[in-house]
Every structure is written in structure tokens, then in C-alpha cells.
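**Student:** Please see the structure below; I have some questions.
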Amino acid sequence: MTSSIANPLALIAELTHRCPLHCVYCSNPLELQARNLELSTDDWTRVFQEAAALGVLQADFTGGEPLTRPDILDLVRAARGAGLYVNLITSGLPLDESRLEGLVQAGLDHFQLSFQGAREETAQEISGTKAHAQKLRVLEWLRRHRLAVTLNFVIHRRNIEQLPEMLALAESSSATRVEFANVQYYGWAFANRDGLLPTREQLTQSIDFLKKAQERLAGKIKIEYVVPDYYAKYPKPCMGGWARKLMLITPSGEALPCHAAKVIPGLSFENVKNRALREIWEVSDAFQKFRGESWMQEPCKTCDRRSLDFGGCRCQAFLLASDATATDPVCSLAPQRPKVDAILNEINSVGAGLAPPAVDALTKPAWLYRPNPS
Amino acid sequence: MSIDLESRPRLAPGCRMNEKTQQPRTLLMPERALRLNGPSLEIVERCDGAHTVEQIITELQQLYSKAEPAKVEQDILGYLALLQKERALDFEP
């Protein structure tokens, strides 16, 4: 082995795009893949074995809702059997206590339960489904197992003021980690951005609250916080750099360097049914395209931070600057930063700092809900 | 967040070593993995809910008898604090 390309550390397995929820910020692409295109149990089993051989340590089972796969227990067993650490990222919806028992028996390492808010009405507005009560039931079942639990709260303008309630929910559960991840603006979230971006004042308050919570709960609950990068000074090192650490497999078997890569025109993606995972990682066009630094323009090309943030996110560069090789426009050094500032000015001039309006129905954003593919 | 020498650290739920056949030995945990070298491997292998912190220190001082004992103790407490911050340990009484 003389390959100079570092191996991926995690495999994001989008087992399905089917989901009982219709979240307005879903990270799935606008074009969802149908059930009849999904990889079989055998295909996935081979992918897990190839991934482990390639050096992958962890598999993230996600979707859609991964529990809609009737073979989910076999898939957990297969990934664990291949030597991978198995994370399940779920809404907790198609779950009952005996199925949870089955997941634990199959070797599940880490259960991540996603929440749309701390209250039923918020969760219902965001997911277009009644799901909150079931999540509370799942939390009760989880107490009875020695299983790592993370609560994932997706944060945005409509629920950011519920952070204290969300944290209280986490503290009353068996979770050892909580993620407060602000929505990132791709796919459905990009389409619904104007209703989701928090105001600067909301953001400042939330950071202050969470810093104190981190100190208070140190050693008990680990609190992770992701800010909306539109407000950042420098971009996020998206995916830890293009094709450096992570590989995503779609339900139908396409291998992508990130969730949103399909928005970039001109990229072609190989399918795990036709090509070995190692080859896809090391030599396929899509993975090579933005690997390293040769694709960079100024100011990235000569910037001291290029080995820290890798120029930010290629998909965001395309979405905001119509050029996937541009500096991520959220960067304060980016020529296209004024576009992001204009978006923020808009958000912060309309209703900034106001309490939620009393007549909700009149002011509720016109959400674009994510459908359930056939 | 101080560490009680009488307590018995054990890996928290969701934190485990990879298999003995897998190299390098790695501590797997939610959203993270820590590569373990000689001393860190010796420490993590003893976070089993049976050894007290004090016993871990004594055993490693014997194992690394050429090193300054106070330095060994300091390194172990530092490493356990790091794992605690990652929420990778439960401390049993």
C-alpha cells in the first residue's frame, strides 16, 4: 500500500429516503430516491465489509428514516460484524420496545434521537407530523438499556428560544450527549431558509446560554453546538474537507463526498454496485474533483487558513455564488460575502428581537414540506 | 471536575475498544475515535469498573518503572480528565 490518499473514517449510510416526517430542513436532496431503487441487504453487507477494509471506523445509519428498512436488524448486525461502530440517527418513529431490544442485541453502539423542538406544536409545525409524544416514549425505553444516547435538536428561528426546555429534556433522560445543531442551508432547508435563519440577537443569546450549560454539565452531558455558518467569520471545514474523512452512500448506492454534492453540475457519481469502494474513494472523478488544493481560487489559494477550513463548502459556494470552486461565500474574506450579508440584513430587519407573534397562523412561513418518496 | 482516586472508572455506554485483531487499537465513541498508543492503551484497558484510579496509577508506575512516578500519576490523571471531558467514562464509587 503506497497510496498517498488517507482513508475515510466514517461511512454515512443513507439507507432509505422514505420517512414518516416531512421536516422543512431535511438534508436529503429535493429529488428523493424511491424504495424500488434501494440497495439490498446483501449490497449493504458488502459495502460495510469493503468500508472496514478501507479503514472506515464508524457507520452512520441515516436516511430518511433508517427504521423504515424492514431489514434494519440485519444491517446493524452486518456493519457490526464487519468491525464497524454503528450509529443510528433516527426520529424514533417506527419503533417499539421489542425492536429497540433487537437493535441493542444486534450490536448497535449509539442511538441518536432527533427532535424538532421541545414542544409538540413546534415539532408538528416543522415535521408536518405528530411525532413528539412518541419520542418521549422512546426516551423512557432507552433508560432501560446500557446504550449511548445522543439527543439531536435541530435549531432555527422558530425553536431557538426553547433551548432551556430542550436541555431540561436532555437532563431528565439517559443521554450522555446533546447536539444543538443549527440548520445548515442545503436542500429543503435552502428552500425554506427565510423562515429558519435565526436573528443575530437570538444567536448571541443562545451561545451565551449553551456556554454556561457546557460548564455546568461537564463530565455529565457533553454538549455540542453548531452555529449557522452564515453568521460565522470563517467557513466550516465542511465534511472535514472534500473526500478527506467521509463518504456517503445514497439509498440507491451512489457514492458521494457529502450530502449535497449532487447540486454541483458536471459531477458524476459512481455506484457501489458497479465499482469497489476503495477505487471510488481513491480515483473516482467526484472524489478527486475538490481533493487537495489545486482547484482553489484566490483568496483561498494563498490563505493561511486553507488547511483549516479547506475553503469551506463546495456546495454552498455553488448555491450562493454559482461557482463550486469559489471561496465559500460565508467567509468574511470571500468576494461574494456581500450576498450573505444581504440575506442576514433581511432577516435581522424583519421582526428582529420580537417575541413570537400572537396570531401565528397569519405569520407562519409558507413552508415547503418534504414529501415521502414512493 | 476533579477525579476521586478511590473511584472506579469504566468506559461509558457507547465507548469501546475496537477488536484486538484491528490495528491500530482505537477507542471508539460517539462521533469520535481516539487512537491508543502504549500508555493510553494501558490506561483504557484498566477502565473496567474494577480498578480504582489509584490502582491504575500504581500498576502503571510499576509498568513504566523508569519514569518519574509523580509524572506517571500526573499523566494518568490528565488522560482520565480528557476522557471524562469527552464523556467517555463513568466513575463508579
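**Student:** Taking helices (runs of 4 or more DSSP H) that do not extend beyond the stretch B:22-87, which have at least 1 residues that are aromatic (Phe, Trp, Tyr) and touching a residue at least 12 places away in the same chain (Cβ under 8 Å)?
**Tutor:** B:69-85
**Student:** Being within 30 Å of B:Asp90 (Cα to Cα), within 14 Å of chain B (Cβ to nearest Cβ), aromatic (Phe, Trp, Tyr) and surrounded by fewer than 22 Cβ atoms within 10 Å (Cβ to Cβ), is that true of even one residue in the stretch A:217-234?
**Tutor:** yes
**Student:** Separate question: So in the stretch A:50-65, with the set limited to residues that are touching a helix residue (DSSP H, G or I) at 6+ places or on another chain (Cβ under 8 Å) and surrounded by fewer than 24 Cβ atoms within 10 Å (Cβ to Cβ), which one is nearest to the other protein chains (Cβ to nearest Cβ)?
**Tutor:** Checked the stretch A:50-65; the qualifying residue nearest to the other protein chains (Cβ to nearest Cβ) is A:Ala53.
**Student:** While we're here: Within the bounds of the stretch A:74-89, is there any residue that is at pLDDT 95 or above, surrounded by 21 or more Cβ atoms within 10 Å (Cβ to Cβ) and out of contact with any helix residue (DSSP H, G or I) (no Cβ under 9 Å at 6 or more places or on another chain)?
**Tutor:** yes
**Student:** Can you tell which of A:Cys23, A:Cys19 is part of a loop (DSSP other than H, G, I, E, B), within 18 Å of A:Thr68 (Cα to Cα) and in contact with a Cys (Cβ under 9 Å, 6 or more places away or on another chain)?
**Tutor:** Criteria check complete, one pass: A:Cys19.
**Student:** Still on this model: Could you give every pair whose Cβ atoms fall below 7 Å, whose first residue belongs to the stretch A:182-194 and is at positive phi, and whose second residue is among the hydroxyl-bearing types (Ser, Thr, Tyr), counting only separations of at least 6 or pairs across chains?
**Tutor:** A:Gly187/A:Ser27
**Student:** So which residues in the stretch B:3-20 are part of a loop (DSSP other than H, G, I, E, B) and either of a type in the set (Gly, Ala, Ser) or more than 8 Å from chain A (Cβ to nearest Cβ) (or both)?
**Tutor:** Those that are part of a loop (DSSP other than H, G, I, E, B) and either of a type in the set (Gly, Ala, Ser) or more than 8 Å from chain A (Cβ to nearest Cβ) (or both): B:Ile3, B:Asp4, B:Leu5, B:Glu6, B:Ser7, B:Ala12, B:Gly14, B:Lys20.
**Student:** Out of the residues in the stretch A:305-326 that are within 17 Å of A:Tyr185 (Cβ to Cβ), in contact (Cβ under 8 Å) with a residue 60 or more places away in the chain and part of a loop (DSSP other than H, G, I, E, B), state the one that is farthest from the chain's Cα centre (by Cα).
**Tutor:** Ranking the candidates gives A:Ala324 first.
**Student:** Is there a residue being more than 18 Å from the chain's Cα centre (by Cα), assigned to a loop (DSSP other than H, G, I, E, B), away from chain B (no Cβ under 14 Å) and polar (S, T, N, Q) anywhere in the stretch A:179-197?
**Tutor:** no
**Student:** Also: With the condition kept exactly as written, say whether any residue in the stretch A:199-207 is touching a residue at least 12 places away in the same chain (Cβ under 8 Å) and within 19 Å of the chain's Cα centre (by Cα).
**Tutor:** So far as the stretch A:199-207 goes, no, none of its residues is touching a residue at least 12 places away in the same chain (Cβ under 8 Å) and within 19 Å of the chain's Cα centre (by Cα).
**Student:** Just name the residue that is surrounded by the fewest Cβ atoms within 10 Å (Cβ to Cβ) out of those in the stretch A:128-156 that are more than 14 Å from every other protein chain (Cβ to nearest Cβ) and modelled with pLDDT under 95.
**Tutor:** In this case the residue turns out to be A:Lys130.
**Student:** Return only the number of the condition from (1) surrounded by fewer than 18 Cβ atoms within 10 Å (Cβ to Cβ); (2) away from every other protein chain (no Cβ under 14 Å); (3) at pLDDT 95 or above that B:Gly49 does not satisfy.
**Tutor:** Every condition holds for B:Gly49 apart from (2).
**Student:** Here is a further query. Identify the single condition in (1) at pLDDT 95 or above; (2) surrounded by fewer than 16 Cβ atoms within 10 Å (Cβ to Cβ); (3) closer than 25 Å to A:Ile221 by Cα that B:Ala88 does not satisfy, given that it satisfies every other one.
**Tutor:** Among (1) at pLDDT 95 or above; (2) surrounded by fewer than 16 Cβ atoms within 10 Å (Cβ to Cβ); (3) closer than 25 Å to A:Ile221 by Cα, the lone unmet condition for B:Ala88 is (2).
**Student:** For the stretch B:13-34, give me each residue that is among the basic types (Lys, Arg) and within 21 Å of A:Gly219 (Cα to Cα).
**Tutor:** Restricting attention to the stretch B:13-34, the residues satisfying the condition of being among the basic types (Lys, Arg) are B:16, B:20, B:25, B:32.
Within the stretch B:13-34, B:Arg16, B:Arg32 qualify.
The values are calculated or read from the model by the stated rules, or taken from the named source; none is laboratory data. In this text, all values refer to a predicted model and were calculated from it rather than measured experimentally. Backbone-built Cβ (ideal geometry, glycine too); neighbour counts: all protein chains shown.
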